Each structure stands twice: as C-alpha cells, then as structure tokens.
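To keep things clear, I will list the structure first and then write my remarks on it.
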C-alpha cells in the first residue's frame, strides 16, 4: 500500500494543473470584458464632447487649437479706417453752394432777412439788419468750405434803405441757365471774373428784390438783371 501511495503522489515541486473552466465561468468572464470595454468607450466620448457641451455655443471651445475666421472689423483694426473727407464745392456759384451759404448767414446773423448778398466763386458776403438800430446793417462774410459765416464789420454803402429780403425766395435753381445766358449775351468773350449780387430793392425793377449776374474782364463787364422767379428783366452787355 505504501508503494502504491508513493507512486500516485505528484513529484516534489510540481504544481497541480488548474481546473478547466466550466461554461458558466467563461460566460461571466466575457460579460465582464464587454462591460469594461463599454465603460472605457463612454468615458472617451465624454472627454471629447463635454467641453463643447459646457461651452454652450456649439463652437470649438477655447484651447482646442481651432481658429475662427477674423471679421472685417478685426482685420481693419479696432478703429477701422477713418472716413474719407467729403470734398467741398469747386465754386460757390451753384444753387446748392449758395443755399448752404445763405444758411450760414442766417445762423450767424440770427435772422432770415438781408439787404444785400454778394457771391464770388470762392467767397460770399451778406448785409443783415442790426438789431435795435434803424437802417443799420452788419456785414457777414463766408469763405468756401468754412464751417460758419462771421460778422466782419458794420455795413457801408447800403443804398436800399430799410428794404430787406429773404434770400431763399429767389429761384436759385435757374442760376446755371442764367450763367450760360450771360456767357452768350454779355459780350465778354473771356471773362476773368464771375459773381452774383442780390439787392433787396432796385429802382429799375419797381423797387423789387433783384439778382444781378455779372461777367467781367480787365476792360469792363456786363450783367443780367433777374427777378425772384428767375426771369431776366434787363440785359446790360459790356459794350452798352
């Protein structure tokens, strides 16, 4: 019997073979492996999606390395380009420029009535009644492109008495046609000076307000006398 037991016992230092897994054990191990893999995948997805969810905008979160396209304002700088300056009129002898000059004179004088207006291509002047003084006038000047008209001095040589006129009552839109007519009829072939004068009263037009369109050169000049409606009431050529 002792010899049989000795023959059946394993040799010293030899480990017994592990028992073979049954079908149930293999199933549990497979389920555990799948569960671990699923958890790892979910954690990886959350690591990717969570920053965008927390950002709330749907845009790449800060620090992701993606850049959004710069806007035009950013490209131009914080202040952007300064607006270009609007050029002033080349001459004051246009309906729009004279209208602007009249507005400047009204603002400077505080009234809308004037005894006289004179307009050259680059400057203008107007005579307005002096507050509190009968038959007294102040002269105001305006330069092309200036921000405002300014009082220059008391007026002199006003020959219209107390007569005043609202300068806006004249048909200034007719001025371009009147200038062309003056070129054709005043017999000043190469004028070196062009200007317009308005008087609140003119004896040869029934003391009514009258506009004068002048052309002149070094030998003299002529004029068209025009009423407030833009109609020529008298033509005085240079050789008359």
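Structure summary
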quantity: Stretch gain in nm, segment residue 180-residue 131, where the contour uses 0.36 nm per residue and the Cα spacing is subtracted; calculated: 13.8 nm
quantity: Spin-label proximity, residue 217 to the range 172-210 - amide N less than 19 Å from point 7 Å beyond Cα toward beta carbon; calculated: 179-195
quantity: q = 0.23 Å⁻¹: log10 I(q)/I(0) that the Debye formula gives for the range 169-240, counting C-alpha atoms only; calculated: -0.97
quantity: Residues 224, 178 arranged by fewest to most Cβ contacts within 10 Å; calculated: 178, 224
quantity: Listed peptides 197-207, 120-130 by packing density, highest first (mean Cβ within 10 Å); calculated: 120-130, 197-207
quantity: Exposure proxy order (Cβ contacts within 10 Å, fewest to most) of 138, 162; calculated: 162, 138
quantity: Ascending count of other beta-carbon atoms within 10 Å, so fewest first, for 194, 184; calculated: 184, 194
quantity: Cα convex hull of the range 108-150, projected area averaged across orientations, nm²; calculated: 3.0 nm²
quantity: Unit Cα scatterers, Debye sum, the range 95-236: log10 I(q)/I(0) for q = 0.14, 0.15, 0.17, 0.20 Å⁻¹; calculated: -0.64, -0.73, -0.94, -1.25
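The numbers here are math on the coordinates, done by the rules we state, and not lab data. Fair warning: this is a prediction, and the values are worked out from it, not measured in the lab. Note: ideal-geometry Cβ built from the backbone for every residue, glycine included; neighbour counts use all protein chains shown.
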